Number of protein chains: 2
Amino acid sequence: MPGLLERYKDFLPITDKTPALSLHEGSTPLIHAPALSKLLDIELFLKYEGLNPTGSFKDRGMVMAVAKAVEDGADTVICASTGNTSAAAAAYAARSGLRCIVLIPDGNIALGKLAQAVAYGAQIVAINGNFDAALSLVQQISREHPIALVNSVNPYRLQGQKTAAFEIVDELGAAPDILALPVGNAGNISAYWMGFREYRTRGMTDTLPRMWGFQAAGAAPLARGLERVDNPETLATAIRIGAPASAHLAKAAVSESGGLFDMATDDEIMDAYFQIAREGVFCEPASATPVAGLLKLHAAGKLKPGSRVVAVLTGNGLKDPNNAMRGMAAPVAVGADMQSVLATIL
Amino acid sequence: MPGLLERYKDFLPITDKTPALSLHEGSTPLIHAPALSKLLDIELFLKYEGLNPTGSFKDRGMVMAVAKAVEDGADTVICASTGNTSAAAAAYAARSGLRCIVLIPDGNIALGKLAQAVAYGAQIVAINGNFDAALSLVQQISREHPIALVNSVNPYRLQGQKTAAFEIVDELGAAPDILALPVGNAGNISAYWMGFREYRTRGMTDTLPRMWGFQAAGAAPLARGLERVDNPETLATAIRIGAPASAHLAKAAVSESGGLFDMATDDEIMDAYFQIAREGVFCEPASATPVAGLLKLHAAGKLKPGSRVVAVLTGNGLKDPNNAMRGMAAPVAVGADMQSVLATIL
């Protein structure tokens, strides 16, 4: 399957001058989840975005944003990020021969989270300040220098991300009844909604899904109806955001589609994480949030039996594997003989 | 794209009773590497096996092995493994509703390496013994109990793995001139060779590639012409094997194809690892070994200009990200103002 810019060129802001950038992003599997479908009395599919080239859905938006940066003559891209965004930016910058600069807040940053960006050749710059200060700085720098900002305020990001909605319709033959996804900065739910609407306008689907956005309880401004949450806390680090940048777009998507916002606790998220893994699919904790939300709504009788639901798993479990081992003690070694082993396993 | 058992059913030992097991393995991208192609004066493609469902090429063999275990009535699969094999076995067992037991040697096992298998629900059993003792025990248990052994001695593993050769021919329209890949236990080089030969027999390609197998210098019995290497050592943990189980098959593949075995040092492997990442592709250190070997052979004038070469990248870089950070100091924070940041980056 070709990359997104080629596969969906008629739906993207591509000109004769846009480079044919690709790391074979997109075209990720839509995996039926038999055990969870039975448990929830619905037809559940998992859109496994972890199989994108850098391991998260961010590649969809980044291939578009970096291609446009090249088209516009930039020789450098910049972002403030400590996670998936920096990996995607660094990969596509490397592929394009551009420099990539990643600003990170000082203190408490696990360097391991930046291993991918470092491998792809990004320059990491720590500042004496918090994440908001880093974001403010990269915006200022991109305004005054020929350096392309590729944080989510870059509008090409959502253009690329909307292609995931196209793929779901292409594969199912129609939009699902419900699209459930994790909400952090709220850009992805907005991009999916844009994608479904555009596909309807072009006659590719007659119906639209209800958009169900799920947040972690410790970082749930939209689900709680708040403007912002100070000091957001959740082990689902990819959605640990207190003031979603695209809140207005996400609210519109939920309102226009007759959808909802809800939230799940960290315990509920980890329970869903293991249930998804038992289907054979390993995702980031944040990715388990929509399934946690579906389990909760089902228990409350709010999930219509027989609904066709797609839950978006935004990132690969290998991004953050340690959660799988939480609370697990090292196994106690048994004798290296058959009786000892059989006594343990049978 | 469907999973391998469906895509290549006419080439696999599939019967009416074989379950349609799939996590959408295979159909991994073949990525052209422009910078390395230029440097090596060849046409180089990277077969990026890290985008398989559990992050390595092991999924190809495991989907076949576990499907046959189900067909044969097993309710449990077992393997001795501390790495990619355990992840793949656990995922396909979970998907099939089978139990998965993973035997590991006691001592010095980083539990993090087992996070994936644990998430998928495998039972981890540590024994008071080394890896050879663990392997011997799982073989004995599978002979005497209805428990399917899914280590590489299971012949279905190579059957599934050979499909990667099919995909390369399907995409290029012919076999490449050279197939370069890392060699640890030596099963994969044997499986590729089987795949290319079968495809020629069926008329899908007129030519066969030369098989070039590369080992890490600290674990290179085949490249050194030795029976075995005691205490193998390399940071490329996925190929840290002193006595390859499929050595005889690998020797036949190299001999019949007019190929070669060679080796690369850990420094050469890490250099190649970063050069691959600069193409936008993040792989395990072991996966960089064939590219390290190609760089070495090019420097020695042994790489024919214009050759079409496929290097197999067996695993995802996210499996072992810490190598990207080796020797890297935490960045020193600069002032959170534009002048300080610009002074650092311009």
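The values are calculated or read from the model by the stated rules, or taken from the named source; none is laboratory data. Just so it is clear, the structure is predicted and the values come from calculations on it, not from any experiment. Cβ placement follows ideal geometry from the backbone for every residue including glycine, while neighbour counts extend to all protein chains displayed.
For this structure, a couple of remarks:
- Residue count for the range A:81-113 under the criterion of being hydrophobic (A, V, I, L, M, F, W, C) and either modelled with pLDDT under 90 or in the same structural domain as A:Asp320 (by the TED database) (or both): the result is 3.
- Scanning the range A:110-147 for residues that are touching a strand residue (DSSP E or B) at 6+ places or on another chain (Cβ under 7 Å), farther than 22 Å from B:Leu36 by Cα and more than 7 Å from chain B (Cβ to nearest Cβ) gives A:Leu114, A:Asn130, A:Phe131, A:Ala134, A:Leu135, A:Val138, A:Gln139, A:Ser142, A:Ile147.
- Scope the range B:19-45; condition of a type in the set (Ser, Thr, Tyr) and surrounded by fewer than 17 Cβ atoms within 10 Å (Cβ to Cβ); matching residues: B:Ser37
- Count - residues of the range B:301-331 that are facing chain A (nearest Cβ under 7 Å) and without any contact (Cβ under 8 Å) to a residue 40 or more places away in the chain: 6
- Number of positions in the range A:11-62 that are among the β-branched types (Val, Ile, Thr), in a loop (DSSP other than H, G, I, E, B) and under 16 Å from A:Val310 (Cα atoms): 2
For (1) surrounded by 20 or more Cβ atoms within 10 Å (Cβ to Cβ); (2) modelled with pLDDT of 95 or more; (3) under 18 Å from A:Pro176 (Cβ atoms), each residue gets a yes or a no:
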position: A:Ser255; (1), (2), (3): no, yes, no
position: A:Gln275; (1), (2), (3): no, yes, no
position: A:Gly293; (1), (2), (3): yes, yes, yes
position: A:His298; (1), (2), (3): no, yes, yes
position: A:Arg308; (1), (2), (3): no, yes, yes
position: A:Asp320; (1), (2), (3): yes, no, no
position: A:Gly327; (1), (2), (3): no, no, no
position: A:Val332; (1), (2), (3): no, no, no
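- Answer residue from the range B:24-45, given it is of a type in the set (A, V, I, L, M, F, W, C) and closer than 16 Å to B:Ala164 by Cβ and is nearest to the other protein chains (Cβ to nearest Cβ) among those: B:Ile31
- Test for A:Glu227: is it surrounded by fewer than 18 Cβ atoms within 10 Å (Cβ to Cβ) and touching a residue at least 60 places away in the same chain (Cβ under 8 Å): no
- Among the residues listed as B:Pro331, B:Pro305, B:Pro290, the single one being part of a loop (DSSP other than H, G, I, E, B) and within 19 Å of A:Ala119 (Cα to Cα): B:Pro331
- Test set (1) touching a residue at least 12 places away in the same chain (Cβ under 8 Å); (2) not in a strand (DSSP E or B) - B:Leu179 fails condition number: (2)
- With respect to being within 14 Å of chain B (Cβ to nearest Cβ) and farther than 12 Å from A:Ala180 by Cβ, A:Ala336 fits the description.
- Some residue of the range A:156-173 being away from chain B (no Cβ under 11 Å), modelled with pLDDT of 95 or more and assigned to a loop (DSSP other than H, G, I, E, B): yes
- Answer residue from the range A:63-80, given it is within 14 Å of chain B (Cβ to nearest Cβ), touching a strand residue (DSSP E or B) at 6+ places or on another chain (Cβ under 9 Å) and crowded, with 24+ Cβ neighbours inside 10 Å and is modelled with the lowest pLDDT among those: A:Ala80
- Count of the range A:94-104 residues which are more than 8 Å from every other protein chain (Cβ to nearest Cβ) and within 20 Å of A:Lys319 (Cα to Cα): 1
- Condition check for A:Leu21: within 11 Å of another protein chain (Cβ to nearest Cβ), within 26 Å of A:Ala148 (Cα to Cα) and touching a residue at least 12 places away in the same chain (Cβ under 8 Å): yes
- Set side by side, the residues A:Ala264, A:Ala336 differ, and just one is of a type outside the set (Phe, Trp, Tyr), modelled with pLDDT of 95 or more and touching a helix residue (DSSP H, G or I) at 6+ places or on another chain (Cβ under 6 Å), which is A:Ala264.
- Qualifying residue in the range A:154-170 (condition: farther than 26 Å from A:Gln215 by Cα and assigned by the TED database to the domain that holds A:Leu44): yes
- Of the set (1) free of Cβ contacts under 8 Å to residues at least 60 places away in the same chain; (2) within 18 Å of the chain's Cα centre (by Cα), all apply to B:Asp267 but (2).
- Residue match in the range A:217-230 (condition: closer than 22 Å to A:Phe45 by Cα and β-branched (Val, Ile, Thr)): no
- Single condition B:Asp177 does not satisfy, out of (1) within 21 Å of the chain's Cα centre (by Cα); (2) surrounded by fewer than 18 Cβ atoms within 10 Å (Cβ to Cβ); (3) not assigned by the TED database to the domain that holds B:Ala286: (3)
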